[in-house]
Structure formats: structure tokens, C-alpha cells
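Here is the structure we will look at.
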Amino acid sequence: MRNPVLQLIVLLWLAAPLFARAAADIEINTPVIATLKQSMQQRHGQLEPHYAAGAVGLTRDGLIALRDASVLPLSARQPVNALIAAENQDRNALYREIARANGHPEWEGDIRSTFGQRWIGLARPGWWFQGAGGAWTQK
Amino acid sequence: MSQGSAGTDSWAASQLLVAFLAVFLLASAHAAPRISLSIDDIRSPILSARGIRAALTGTRAAQLEITLDEITAQGRVWRNLRFSCPTFRLGERIDCEGGTLHLSGSAAIPAEFSYSSREKTLDARIRTVSEGAGEDWRLAARWAGSAWEGTLTVANGQAARIAGLLPDREKASLAFVKGAIDGTIRIRGTAAGPEGMEIGLAVAGLAFGDASGLHAGEGIDARLDATAERQGGAWMWRAGAAWPRGEVFWQPLYLTGRGHRLDASGRLEGDVLHLLEGRLTLAGVGEVRLAGEADWANGVLRDLDLHTEDLDLASLFEHILKPFLAGSSFAGLGVSGRAGAGLRLRDGAPQRLVLDLRGAAVEDEHGRFAFHGVDARIPWQAQGVSSADIRVGGGRLEGVPLGAFRVPLQIGGDEVFIPHMMVPVLDGEFILKNFHASHEADEDWHWQFSGRLSPVSMQKLTEALGSRPMYGTLSGTIPRVSYADRVLGMDGSLLFRVFDGTVEVRGVTVRDPFGRAPALEADLDMHELDLGMLTSVFSFGSMQGRVDVAVHGLELFDWKPVRFDARVASSPGSYPRRISQAAVQNISALGGSGAAAAIQRSFLHVFEEFGYSRIGWSCSLRNGVCEMGGIASEHSDQGYVIVKGGGIPAITVIGYNRSVDWWELLDRLQRVTQENVQPIFK
């Protein structure tokens, strides 16, 4: 589990039948995706302790959110907010780019929810995620 | 802010005790061994209560028990209150010792009181010792005729106790609160209700937080002094609050107490709070004057007039503005200078905003742009158009220096317009025409402009960009450029002159130009570039002639090429065509080391220069690999013809390697050109 992003891409590849059509042709290796992946990998190191502490959780729509700010010192709460905003910007760009690169911008919603499930699947024990009802659940 | 609520609720608590007194008096009128009394409803302008029951029980009716189902004061509700007194004496004085007060959801509070009908005094006291610290709440009331006065004195009062007294709605949103309160609240009035009050409270070590942690404070020391007088149906009030120490996170703001102050006065009329005069002093930032009107009950700000003349922009941006810009491309700005501002808000909507900047400077953390010496007066109004005057002392754009310029901005509603603007760029100038930006509700801004670049010295430009020196001038016409839905597009062609030839850029589209993943698509056509100028700049080895360059289907991601079909070919026409041995070797080297070595060994190296008839080279970049080819019409058995010989002595250069890694190719090009300009140390 050292590299959730890479694993996700691999898993997504394996899970390609989830996408209704032309599974084998799915494009997940464009330069945009590579750059976003790198940026997310770099940020992951900063986010990891916050996932573990429960400050940040994984949402159902493939993003991350501030779950419980009270575990952070007051002065760290806004920087973590900024980190979350940057990560979500990358994630939104990633979903948009995968949909675009495959010539189906309308897939964005499906891609987002597939990723949402996969991120949660890849989360380490102890991390928090949004369950089916939207409530926070600890893995 | 916490002080404000603490004060209000201490006052409300004193009202509670007054209410108990009223109930008690009713009960004592029927002093008999066993009395129980129940009242459905009490209504008064300041307080109403429902389901009141009082009972005197025990031997000689020495135990008092009062319960209230609901009590409402100032629109706030408390439920299930109970006061019981095990040692209750009725006489000239009425004393209650060892009583307890129960509030819904909070622990029992030890309370006692003493009432004298002859002296017309009531003393009530709550005194506890918890965690080694004594806590003392004391209410002293006296009255004469219809006038009364009550003073609540708090010594080391626990803020958590106030939180317990908070109405249900506020209590639910607070996860915890701690800290100590000292001070007094004095209220006087008549039978008609309170007439005036004075508050002097200090909190020390206050900490609070809501369940989400998005609103929290720690280590707060603060002081509130306030007075209020009733005048007719309204309260005239004056308050001063100081916050010397502690930290608060109120998403997204993180503020530290560094001697901030708020002084305000106004009128409270029913649910409407009028702020007549307010002065907010933010330590290190500046002073802001405020006036306005708010619907107190619904927490809605109706009108606001804000005025400030001299704020420190660096501090204002860092502490107040930046947190709101997280995730945008403006979060990494460095800002300095002084600013003034005026804001007028009516019925919750901004009507007018005036911004004054003096000696301001702004710098992007990635060095993309910087402006300094900015003096501006920007008046904005919701209705109608106003003219802003912005003067910029100078700046830098991607390292290129910009001279002083003026921005004749027209602004109003959701639109910005610049009819014509001239920005000096090095020794030339950039003319911006018809810049127009607007946005509709819930949409991003979209904008468009056209422009022109008058001749800029290439030598100066390349120096500023830190690249190899080039000569000649750069000038061009910029057709209509537009930005909407995160896509920057250009209609028509961008034309400029360089290396004595022309460059035409067509079909420019940039997706997400200011975001995480900027991606550019364009087609480039260059005509009749002077090879002599080109090769001398890049120290490639001298070549004479002219070439046409086409780069079609160009795709850049993060400003790096990921796909294109490029072709270099001799321009049609008659001109001298010579190629130096160094250039031949370099062209060969690009195809791999083998070819260059072959030339070295051959007799050709005795000549300095050769003639040629045509040059041709192509590269199709796909997946990081450049598929190379030569002159389209020439065919060679094993390779492709890059240079076709002509004249005497003639040379033909054939490339054999058809695929090369793009970055490897760039590396080779870099090495070739660098080796030729390597300084010699002796």
C-alpha cells in the first residue's frame, strides 16, 4: 500500500469492465494524468498523517474533506484546509482529464464515483471515509 | 465574541434569580406548613415562563422546591429548571441555605439566598470549589418603591457554567468551553423592566470549540466593558472589547490576539441592532470604522458602512484575505503597501466599494508576474459604470521587465472594460485593445481582448528571459483572445517577425491556463527564417539559406511538448546555400554518434564548407518518441536524406536512425550547442 495512486490506476485498469464500453481502450496514461499523479503522490506524504489522525476523510464522490478539525492545533487548521483544496483540485482535474482523454466527457460522473469507491478500498485501517449514508465511518 | 455572549447570559442568569424571587414571594404570601402553588404562565416584556410550580414541604415547611418547565428571555429558551432548598427559614428574613439549582443538561449548582422584606434586599450566592479553585457568583439586589438594582459579581467564574446556562440552540453547537470569568454586571430598573446596565468582565484562558472544530479558540484573554441605558422603547449602548492574547480559528480565518480592539456604540430597538459608531483596531493591520444595522434575532446583516484609510496590505493579505483564496492561483501572492477602502452595503447587497492603493506591490511566488509602485483608486458601484485610475510603476512578466503604465479601467456591476492600454515592454510596447471581462451569477469570469506588440529587441528579450542571445526584433498582431469556461482561445492568427522571417500561430487553445493542468494546442508555420541568424544564435555551426518550419498539431502539457508533427524544409526561391563542416557534424550527431564518426574518418573533413540544394527534416512526436524523416521527395535505401548536396564541394547527409527519444534528442541538441560555446580556460 505504499503507493495508493499507482495501485489505483492499476486497479482501475483491472476494473475497466466497470466502464460500460470499450474497456480495453481506456486511456489512463496521458501526460496530464502523469503530472496530476505526481503532484498527488507528492502531496500524499503531507496528507497521510491527517488521514491517520482522522482530521481528513475520504468522501464518496472521490474527494477528501476536513472530517474533524479539532484534532489539529488551531494554527494548522487553515493550512490543512488549503492542502485539501489543492488535493481536490487535482482530483477534479484527474477525473475530468480521464473522461476527456477517452473522448467521453460525460463519463466524468462515473469515473468520479468509481474512483471514490477505489480510494476508500485502498484506505488504510483507521482512516475515515463517508459511508453509503454519508456518515463518517472508520475503516 | 465570546465575551458578548458571556455578558448577555450572565445578565439572563440574574433575570432567572429575579424570577425565582417573584415566584417565591407568591409562595411566602401563603406561609403555611404545606403549600403548593402552580402557575401556568407568566409574561413580561423581558421574560416569560411556563409551568411554574412551587412547593413548601417538610416539617414546619422548611423545604422549598421550585420547578419551571420553560423560561424565555430575549427570544432564548431554557427548559426544565429546578431549584430546591433543604434548609429554608421564614421570618423577618427569609434564608435558604445549601440549595441547589438544576438546569437541563448541567450538573447541580449549589446556591443559597437571603431575603429581607424590611431592608428590601436579596442576596443570592453560588459558590463552589472545583479543582482547587474557588468560584463565586453573587447576586445582590435591592429595591425601593418600584425601583430596583441588581449586581452580579463573578470571581473566577467558570466559563463552562455560562455554557451550561446557554439556551439549547447555542449549547448544542458548543462542544466544550473553559476559562475563568471575573467582573460585575449591574442592572437597574423599575417594575416596567430594566432601565440600565453596566458590564465589566474579563475572561482568562478561555478555550472553546464546536463539534467540527471549525470554530474554536484557545488561551484567550479578553475584556469587555459595556453600558446600556433604556430610552423609550430602545436601548442605547456603548461597548469596548479588547483581545490582547490567544488564538481563534473561525474557518477559514486564523487570528491571534495581538491587542485587537473593538469600540462601538449604538441602539437596540426590538430585534434591530443599530451600530451607530464602531471602531475596529486590528493590531498590525490598521483601523476600520463601521456603522450598520443588523437583524439581531435572525443574525442577518442588513446595512453596513465600512471605512478605512490606512491599512497595511501585507498584514491584511496574510491574515485576512489569503485564507479565502486557498486553492486559487492567488493564494501564493506576496503583497505590500498601504490601502484604504470604503464599502456600502444595503439590504445585504453591496452597493458601492471604493478601493485605494498607495505604493502597493504584488508578486507571484512562482515569479510569473510582479507589479510595483501601484497607486490606484478603484470605485465600484452595483449600478452604473465608474472610471478607475490605476497607475503601475513597473513590473515583470515571466522575467520580462515592464515599464510604467496606466490602466484606464471602467468598472461597474459585474463588468470590467479597458478600451485601450499601453504597456512598455523593454524597448517596445504592448497595446491592449477592448479588454472586456464579465461574469454572470454562479459562473467564472470570462474575458476577451485583442492587441499588438510593437518592435521589441530580441537581444533584450532573450537577455531578460535568460536564454541565448538572439538578434532582430519581435513584433506582431494579437487577434481576439477570449477566455471562458476555463478555456483560452484565439481567433485568427498570431503573427510576428523573427530571424528575418515570419511566424504565424493559429488555432491556439489553452485548457485550464491558470489551473493545475494547463494544456495548449496550436499550429505554427514559420516562413523564410534566415538560417545564418538561426545557427549563429544556437552555435550550431554556420549554415546559410532559408527554411520554412511547420509544427502542426502541437500539444503542450504544462508547457512541455507531448505531441506534434514538425517539418523543416528549405524555403522556395533563390538564395546562397552553404553548410559548414561543424553543422554537418552536428546534424549527423543528432542521428547518433555513428554517423558523425563516419564523417570524421572520410575525406570530407578537409573542407570547411559545402554547398547543398535542399534541407529537409521531420519529427512526429508521439508518446515521447520522435519519428524522424528527411526530405519528403528523396528516398535512400537505408535511411532518409536530411541534406541533399548541390554545388562544389557538395555533401549529402543521410539519417539512419528513425526513432529517437524526444528528451534524448533535446539532450543531444543541448550538448551539441553547448560544446560549441564552451569557454576555454587557460
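Taken together, the criteria place B:Val425 among residues that are open to solvent by less than 30 Å² (accessible area, probe 1.4 Å) and either at pLDDT 90 or above or of a type in the set (Lys, Arg) (or both).
Out of all the residues in the range A:114-132, which are surrounded by fewer than 19 Cβ atoms within 10 Å (Cβ to Cβ) and either in a helix (DSSP H, G or I) or modelled with pLDDT under 90 (or both)? So that I can check it myself, show each step before the final result.
In the first step, residues of the range A:114-132 are kept if they are surrounded by fewer than 19 Cβ atoms within 10 Å (Cβ to Cβ); the result is A:117, A:121-126, A:131-132.
Listed by number, the residues that qualify are A:Gln117, A:Gly121, A:Leu122, A:Gly131, A:Ala132.
Just a yes or no: is a residue in the range B:395-408 among the aliphatic types (A, V, I, L, M), over 25 Å from B:Leu304 (Cβ atoms), assigned to a strand (DSSP E or B) and in contact (Cβ under 8 Å) with a residue 40 or more places away in the chain? Among the residues of the range B:395-408, at least one is among the aliphatic types (A, V, I, L, M), over 25 Å from B:Leu304 (Cβ atoms), assigned to a strand (DSSP E or B) and in contact (Cβ under 8 Å) with a residue 40 or more places away in the chain, which makes the answer yes. Here A:Ala135 meets each of (1) more than 16 Å from the chain's Cα centre (by Cα); (2) surrounded by 15 or more Cβ atoms within 10 Å (Cβ to Cβ) with one exception, condition (2).
Return yes when A:Gln41 is open to solvent by 10 Å² or more (accessible area, probe 1.4 Å), assigned to a helix (DSSP H, G or I) and at pLDDT below 90 and no when it is not.
Values: open to solvent by 10 Å² or more (accessible area, probe 1.4 Å): yes; assigned to a helix (DSSP H, G or I): yes; at pLDDT below 90: no.
Here the answer is no, as A:Gln41 does not meet what is asked.
State whether one or more residues within the range A:45-59 are under 22 Å from B:Phe324 (Cα atoms), within 11 Å of chain B (Cβ to nearest Cβ) and buried (at least 18 other Cβ atoms within 10 Å of the Cβ). So far as the range A:45-59 goes, yes, one or more of its residues are under 22 Å from B:Phe324 (Cα atoms), within 11 Å of chain B (Cβ to nearest Cβ) and buried (at least 18 other Cβ atoms within 10 Å of the Cβ). Each residue in the range B:326-376 was checked for being assigned to a strand (DSSP E or B) and either more than 17 Å from B:Gly403 (Cα to Cα) or basic (Lys, Arg) (or both), and 25 of them qualify.
Can you find a residue that is at pLDDT below 90 and of a type in the set (A, V, I, L, M) anywhere in the range B:607-624? Looking for residues that are at pLDDT below 90 and of a type in the set (A, V, I, L, M), one finds none in the range B:607-624, hence no. In the set (1) within 23 Å of A:Gln78 (Cα to Cα); (2) buried (at least 17 other Cβ atoms within 10 Å of the Cβ); (3) of a type outside the set (Lys, Arg), B:Ser336 fails one condition alone, (2). Applying a threshold of 7 Å to beta carbon distances and a minimum spacing of six or more residues, or different chains, the list of pairs starting in the range B:646-661 at a residue that is in a strand (DSSP E or B) and ending at one that is of a type in the set (Asp, Glu) and loosely packed, with under 14 Cβ neighbours inside 10 Å reads B:Ser659/B:Glu627.
Among the residues of the range B:440-463, those identified as out of contact with any helix residue (DSSP H, G or I) (no Cβ under 9 Å at 6 or more places or on another chain), surrounded by fewer than 18 Cβ atoms within 10 Å (Cβ to Cβ) and not in a strand (DSSP E or B) are B:Glu440, B:Ala441, B:Asp442, B:Glu443, B:Asp444, B:Trp445, B:Gln459, B:Glu463. Scanning the range B:572-586 for residues that are within 58 Å of the chain's Cα centre (by Cα) and either of a type in the set (Asp, Glu) or surrounded by fewer than 18 Cβ atoms within 10 Å (Cβ to Cβ) (or both) yields one hit, B:Pro572. Here B:Ala437 meets each of (1) crowded, with 16+ Cβ neighbours inside 10 Å; (2) within 22 Å of B:Gly394 (Cα to Cα) with one exception, condition (2).
Quick one: is B:Ala264 open to solvent by less than 70 Å² (accessible area, probe 1.4 Å) and in contact with a Gly (Cβ under 7 Å, 6 or more places away or on another chain)?
On the way: open to solvent by less than 70 Å² (accessible area, probe 1.4 Å): yes; in contact with a Gly (Cβ under 7 Å, 6 or more places away or on another chain): yes.
So B:Ala264 fits the description; yes.
Just to be sure before I move on: is B:Arg279 in a strand (DSSP E or B), within 30 Å of B:Arg76 (Cα to Cα) and touching a residue at least 60 places away in the same chain (Cβ under 8 Å) in the structure I sent? Answer is no for this residue. Can you find a residue that is open to solvent by 50 Å² or more (accessible area, probe 1.4 Å) and among the aliphatic types (A, V, I, L, M) anywhere in the range B:360-370? There is no residue in the range B:360-370 that is open to solvent by 50 Å² or more (accessible area, probe 1.4 Å) and among the aliphatic types (A, V, I, L, M).
Select from the range A:91-113 the residues that are of a type in the set (Asp, Glu) and surrounded by fewer than 19 Cβ atoms within 10 Å (Cβ to Cβ) and write down the one among them that is farthest from the other protein chains (Cβ to nearest Cβ). Among those that are of a type in the set (Asp, Glu) and surrounded by fewer than 19 Cβ atoms within 10 Å (Cβ to Cβ), it is A:Asp110. Residues that are under 11 Å from the mean Cα position of the chain (by Cα) and more than 21 Å from A:Gln117 (Cβ to Cβ) within the range A:27-75 are absent altogether. B:Leu321 fulfils the conditions (1) open to solvent by 40 Å² or more (accessible area, probe 1.4 Å); (2) at pLDDT below 95; (3) more than 14 Å from every other protein chain (Cβ to nearest Cβ) except for a single criterion, (3). Those strands (runs of 3 or more DSSP E) of the range B:485-568 in which 1 or more residues are within 14 Å of chain A (Cβ to nearest Cβ) and either of a type outside the set (A, V, I, L, M) or in contact with a helix residue (DSSP H, G or I) (Cβ under 9 Å, 6 or more places away or on another chain) (or both) occupy B:501-511, B:519-530, B:546-557. Could you list, in sequence order, the residues of the range B:468-515 that are among the basic types (Lys, Arg) and assigned by TED's automatic domain parsing to the domain that holds B:Leu432? Selection gives B:Arg468, B:Arg480, B:Arg486, B:Arg497. Only residues that are more than 34 Å from the chain's Cα centre (by Cα), on the phi < 0 side of the Ramachandran plot and open to solvent by 50 Å² or more (accessible area, probe 1.4 Å) were counted in the range B:481-501, giving 3.
For the range B:420-439, which residues satisfy the criterion of being touching a Phe, Trp or Tyr at 6+ places or on another chain (Cβ under 8 Å) and in a strand (DSSP E or B)?
Step one: list which residues in the range B:420-439 are touching a Phe, Trp or Tyr at 6+ places or on another chain (Cβ under 8 Å), which gives B:421-424, B:432-439.
Listed by number, the residues that qualify are B:Met421, B:Met422, B:Val423, B:Pro424, B:Leu432, B:Lys433, B:Asn434, B:Phe435, B:His436, B:Ala437, B:Ser438.
Scanning the range B:209-241 for residues that are in a strand (DSSP E or B), within 11 Å of chain A (Cβ to nearest Cβ) and open to solvent by 30 Å² or more (accessible area, probe 1.4 Å), which turns out nearest to B:Glu269 (Cα to Cα)?
Step by step, filter the range B:209-241, then rank; the result is B:His215.
When restricted to residues that are within 14 Å of chain A (Cβ to nearest Cβ) and either open to solvent by 60 Å² or more (accessible area, probe 1.4 Å) or farther than 18 Å from B:His319 by Cβ (or both), the range B:242-253 contains 3. Do we have B:Asp512 as open to solvent by less than 30 Å² (accessible area, probe 1.4 Å), touching a Lys or Arg at 6+ places or on another chain (Cβ under 6 Å) and not hydroxyl-bearing (Ser, Thr, Tyr) here? So B:Asp512 fits the description; yes.
Looking only at the range A:66-75, count how many residues are more than 8 Å from chain B (Cβ to nearest Cβ) and within 13 Å of B:His215 (Cα to Cα).
Restricting attention to the range A:66-75, the residues satisfying the condition of being more than 8 Å from chain B (Cβ to nearest Cβ) are A:67, A:73.
Filter again for within 13 Å of B:His215 (Cα to Cα), leaving A:73.
So the answer is 1.
Do we find that B:Asp347 is open to solvent by 50 Å² or more (accessible area, probe 1.4 Å), farther than 22 Å from B:Leu255 by Cβ and at pLDDT 95 or above in this structure? Considered against the rule, which asks whether it is open to solvent by 50 Å² or more (accessible area, probe 1.4 Å), farther than 22 Å from B:Leu255 by Cβ and at pLDDT 95 or above, B:Asp347 comes out as no.
The values are calculated or read from the model by the stated rules, or taken from the named source; none is laboratory data. Note that the coordinates shown come from a computational prediction; the quantities given were computed from them, not determined experimentally. Every residue, glycine among them, receives a Cβ derived from its backbone with ideal geometry; neighbour counts consider all protein chains shown. Note: areas computed on protein heavy atoms with side chains; ligands, DNA, RNA excluded. Shrake-Rupley method; radii C 1.70, N 1.55, O 1.52, S 1.80 Å.
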